[in-house]
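The values are calculated or read from the model by the stated rules, or taken from the named source; none is laboratory data. Please read these numbers as outputs of a predicted model, since none were measured by experiment. Glycine gets a Cβ as well: all are built from the backbone with ideal geometry, and neighbour counts include every protein chain shown.
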Amino acid sequence: MNLPDHFSNPRREVQVDDWPFGRHTCKARFVVESHPKRGERVSRVTENKTRTGWNKPKCTTYAPRQVILDGDDGRVYLLSATRYTPDMIVVTAGTMKYATYLRPGDALFAEALVCLACYCRSLVDSRCDFCTGLRSIVEPRDVRVGAR
């Protein structure tokens with residue numbers, strides 16, 4: 001999977017009006033769902049063109065932190081911090097077919113960490129597993145989180 005040069009616009013839900021659906025286009029809706037014990041996952045539902053309503057949702061696996069964002073190539077990407085490999089970030093295309101791992105030496109790794117950290121309550125919260133893992137990977141001066 002080819003990754004974009006930059007990520008932008010991190011968010012928790014988005015609706016794409018011109019999602020490819022075979023030879024046609026339809027609407028697609030991405031939403032980050034939360035579960036108190038399992039973590040977060042992203043679900044995608046597409047509009048059904050033959051009958052009114054939406055198709056069955058397609059979901060990713062649960063992870064401690066997930067976010068939806070845009071690449072500079074105009075595509076939708078999903079970022080997730082996994083609990084099994086805490087020093088890597090999983091980047092999945094919006095089609096949910098292929099995934100790529102970002103490691104601390106990669107060019108997009110710091111940018112992806114900032115996008116994931118934007119939705120954390122506090123980077124100094126000792127109870128948050130994601131914050132604990134984030135502090136062990138990156139020094140606090142390297143993470144610049146803007147206002148929510």
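Summary of values
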read-out	value
Criterion (assigned to a strand (DSSP E or B), in contact (Cβ under 8 Å) with a residue 24 or more places away in the chain and of a type outside the set (Ser, Thr, Tyr)) met by exactly one of Val31, Val45, Val67	Val67
Sole residue being within 21 Å of Pro4 (Cα to Cα) and at pLDDT 85 or above, chosen from Tyr62, Tyr77	Tyr77
The stretch 109-120 residues that are farther than 16 Å from Asp72 by Cβ and of a type in the set (Ser, Thr, Tyr), paired with ones that are modelled with pLDDT under 75 and part of a loop (DSSP other than H, G, I, E, B) (beta carbon under 8 Å, 6 or more apart)	Tyr119/Arg148
Those residues of the stretch 70-92 which are in contact (Cβ under 8 Å) with a residue 60 or more places away in the chain, part of a loop (DSSP other than H, G, I, E, B) and either crowded, with 19+ Cβ neighbours inside 10 Å or under 13 Å from the mean Cα position of the chain (by Cα) (or both), in sequence order	Arg75
Residue within the stretch 93-105 that is part of a strand (DSSP E or B), over 12 Å from Leu3 (Cα atoms), of a type outside the set (D, E, K, R) and at pLDDT 60 or above present	no
When residues of the stretch 1-46 are limited to those that are surrounded by 15 or more Cβ atoms within 10 Å (Cβ to Cβ) and in contact with a helix residue (DSSP H, G or I) (Cβ under 8 Å, 6 or more places away or on another chain), the one farthest from Thr61 (Cα to Cα)	Phe7
